[in-house]
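Reading through the C-alpha cells given below for one structure.
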Amino acid sequence: MKLSHYDKKGRASMVDVSAKAESRRTATAQAFVKIRPAVLKKLPKNPKGDPLEVARIAGITAAKRTSDLIPMCHPLMLSHVDVTAEVISNGGRSGVRITSKVTTTGQTGVEMEALTAAAVAALTVYDMTKALDKGIEIRELYLVEKTGGKSGDYKRAHSAGRAL
C-alpha cells in the first residue's frame, strides 16, 4: 500500500484531487474525556460557562479550520458540521463522549475535519474543567465511519466493553 502524501522523491506533498469527481462524503469521529464523577457533577455550575456547549462550538469551528492546522489537508467547503458532547456516568466509566459528524460535497473526504472537531472539542472540555482536576484524560480519538469517495465506505467494528 502506498501513502498518498509523498511524491516520487519521498517528500511530503499535497495530493492532487483535481481529476476526482465531486461526491457526497461524510465522516463521524469520537473522543472520550475521562472525568471523575465528582467533577462531572460540578459541570452545570462552571463559572466559565457550560463546558459542553463551549466544546460543541469549538469543535464546529475546528472542523472549518482543519486545513489551517494540518499542512496537507485541502481547504473544504463543508456542508454541515454537528458536534455533540454527552455526559457518561455509569459504574466505573465517567466522562464526556464527544461525537462529530461532518458532511461535504467535494473531491476529497472529511475524515480529518471530523477527527479535528472531536479532538478540539475534547481539549475544550479539558480547558473548561482543568481547574477542578488536572488528572482529566482525553482518550480514544478515532474515526467511527466515513462514506463516499474512491475508497468507499468504512465503519469501525463495535468497540463496546473497551476500557476508557
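When the range 88-104 is limited to residues that are modelled with pLDDT under 95 and assigned to a strand (DSSP E or B), the one that is surrounded by the most Cβ atoms within 10 Å (Cβ to Cβ) turns out to be Ser94.
Of all the numbered requirements in (1) assigned to a helix (DSSP H, G or I); (2) loosely packed, with under 13 Cβ neighbours inside 10 Å; (3) of a type outside the set (Phe, Trp, Tyr), Ala121 misses one, and that requirement is (2).
Within the range 38-56, being surrounded by 13 or more Cβ atoms within 10 Å (Cβ to Cβ) and touching a residue at least 24 places away in the same chain (Cβ under 8 Å) holds for Val39, Leu40, Lys42, Leu43, Asn46, Pro51, Leu52, Val54, Ala55, Arg56.
The single residue among Gly59, Gly49, Gly109 that is in a loop (DSSP other than H, G, I, E, B), more than 21 Å from Asp16 (Cα to Cα) and out of contact with any Phe, Trp or Tyr (no Cβ under 7 Å at 6 or more places or on another chain) turns out to be Gly49. Being at positive phi and either in contact (Cβ under 8 Å) with a residue 12 or more places away in the chain or touching a helix residue (DSSP H, G or I) at 6+ places or on another chain (Cβ under 7 Å) (or both) is true for just one of Gly106, Gly152, Gly135, Gly95. Which residue is that? Unique residue meeting the criteria: Gly95. Of all residues in the range 17-36, which are in a strand (DSSP E or B) and under 18 Å from Cys73 (Cα atoms)? Scanning the range 17-36 gives Ser23, Arg24, Arg25, Thr26, Ala27, Thr28, Ala29. Looking at the range 24-38, can you tell me whether even one residue there is modelled with pLDDT of 95 or more, over 16 Å from Glu113 (Cα atoms) and of a type in the set (Lys, Arg)? Within the range 24-38, one or more residues are modelled with pLDDT of 95 or more, over 16 Å from Glu113 (Cα atoms) and of a type in the set (Lys, Arg).
Taking the numbered list (1) out of contact with any strand residue (DSSP E or B) (no Cβ under 9 Å at 6 or more places or on another chain); (2) at pLDDT 95 or above in turn, Asp82 passes all entries but (1). The condition (being among the β-branched types (Val, Ile, Thr) and under 15 Å from Thr28 (Cα atoms)) is satisfied by just one residue among Val110, Val96, Val125, Val54: Val110. Filtering the range 74-87 down to residues that are outside any strand (DSSP E or B) and without any contact (Cβ under 8 Å) to a residue 60 or more places away in the chain, which residue is farthest from Ala12 (Cα to Cα)? For the range 74-87, the residue satisfying everything is Met77. Among Val17, Val33, which is buried (at least 19 other Cβ atoms within 10 Å of the Cβ) and not aromatic (Phe, Trp, Tyr)? Unique residue meeting the criteria: Val33.
The values are calculated or read from the model by the stated rules, or taken from the named source; none is laboratory data. The structure displayed is predicted, hence computed values, not measured ones. Heads up, the Cβs are rebuilt from the backbone with ideal geometry, glycines too, and the neighbour counts pull from every protein chain shown.
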